[in-house]
Amino acid sequence: MKNNYLKLGIIGYPLSHSISPIIQCAALKSTTLNGFYDKFEIQQENLQTQLKVFIDNEFSGFNVTIPYKIEIMKYIDWISPEARQIGAINTVKINKNGTSQGYNTDIYGFTNSIPINYRKNIKNAKILGCGGAALAVIYGLQELGTKNITIYVRNKQKASQILDKFSNKINSYIQIEDINLIKNLEDADILVNATPLGTKGENQNKIPI
């Protein structure tokens with residue numbers, strides 16, 4: 001492998017909609033870094049195998065998207081405190097000795113997209129979905145001081161178990177609702193779509209409301 005040549009990519013399923021390679025390759029070209037960034041659409045049963053392929057082929061790291069942000073954690077050697085609290089990762093660094101480190105940059109991607117003068121004014125937040133992206137959004141909102149967070153999901157029992165890790169944040173209240181019974185959006189200061197709806201098929205570019 002060339003010195004300082006970066007092998008990078010993104011894993012998930014499906015990935016036909018993803019423009020990550022376009023964005024990341026453009027980013028590489030705008031710097032002094034050399035390398036490539038590609039997408040790897042894989043089935044869940046091949047998740048651990050794909051990690052080994054990356055390690056064996058001296059990849060520098062990869063991104064993780066739907067639906068593997070939670071599942072991939074069991075195969076990563078070290079996970080950052082923020083990502084462990086969230087319970088999901090979207091970025092993996094592979095060290096030269098073959099070990100892996102997991103991070104969650106979704107937090108900062110989300111919070112940094114909110115205008116600075118608006119961040120402290122978010123009192124009521126509504127989130128659609130309860131996957132890895134939603135967990136990062138919840139963490140980010142709690143860090144911003146949001147008091148009331150409502151999560152709209154398909155499976156309230158499963159969501160309750162996932163969200164239990166956030167219950168020790170005494171400065172916020174999390175409520176779980178059925179996504180088919182969305183209501184009272186008029187009091188929302190922010191509405192976040194963290195579902196895969198809108199990425200493929202007949203519902204591409206649509207949101208669940």
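The values are calculated or read from the model by the stated rules, or taken from the named source; none is laboratory data. Because the structure is predicted, anything quoted here is derived from the model rather than measured. Neighbour counts run over all protein chains shown; Cβ positions are idealised from the backbone, glycine included. Surface accessibility is based on the protein's heavy atoms, side chains included, excluding ligands, DNA and RNA. Shrake-Rupley method; radii C 1.70, N 1.55, O 1.52, S 1.80 Å.
Compute the length gained on full extension between LYS156 and LYS74: take 0.36 nm times their separation in residues and subtract their Cα-Cα distance, giving the result in nm to one decimal.
On the way: separation 82, 0.36 × 82 = 29.52 nm, distance 2.39 nm.
Result: 27.1 nm gained on full extension.
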- request: Rounded to whole Hz and in sequence order, give me ³J(HN,Hα) for region 77-84 from the Karplus expression 6.51 cos²θ - 1.76 cosθ + 1.60, θ = phi - 60°, writing x for Gly and Pro.
  value: 6, 9, 10, 4, x, 5, 5, 5
- line: Excluding ligands, DNA and RNA, the carbon-plus-sulfur percentage of the accessible area of the chain with a 1.4 Å probe reads 49 percent
field: Fully extended contour minus Cα-Cα distance, from ALA188 to LYS165, at 0.36 nm per residue
entry: 5.9 nm
query: Rounded to the nearest 0.05, what FRET efficiency is calculated for THR31 and LYS52 with R0 set to 25 Å and r the Cβ-Cβ distance?
result: 0.30
message: Taking θ = phi - 60°, what integer Hz values does the Karplus form 6.51 cos²θ - 1.76 cosθ + 1.60 yield along region 21-34, in sequence order, with x for Gly and Pro?
response: x, 5, 5, 6, 5, 5, 5, 4, 5, 7, 10, 8, 7, 10
- request: Enumerate the calculated ³J(HN,Hα) couplings along region 105-122 in order (Karplus 6.51 cos²θ - 1.76 cosθ + 1.60, θ = phi - 60°), each rounded to whole Hz, writing x wherever the residue is Gly or Pro.
  value: 9, 4, 3, 6, x, 6, 5, 6, 7, 8, x, 3, 6, 9, 4, 7, 9, 8
message: Under the rule a/c < 1.5 gives rounded, and otherwise a/b versus b/c splits prolate from oblate, where does region 82-183 land using the Cα gyration tensor?
response: oblate
task: Could you provide, to the nearest whole Å², the per residue accessible area of the chain with probe 1.4 Å?
output: 57 Å²
- prompt: What's the extension gain from LYS120 to GLN44 if we count 0.36 nm per residue and subtract their Cα-Cα distance?
  reply: 23.5 nm
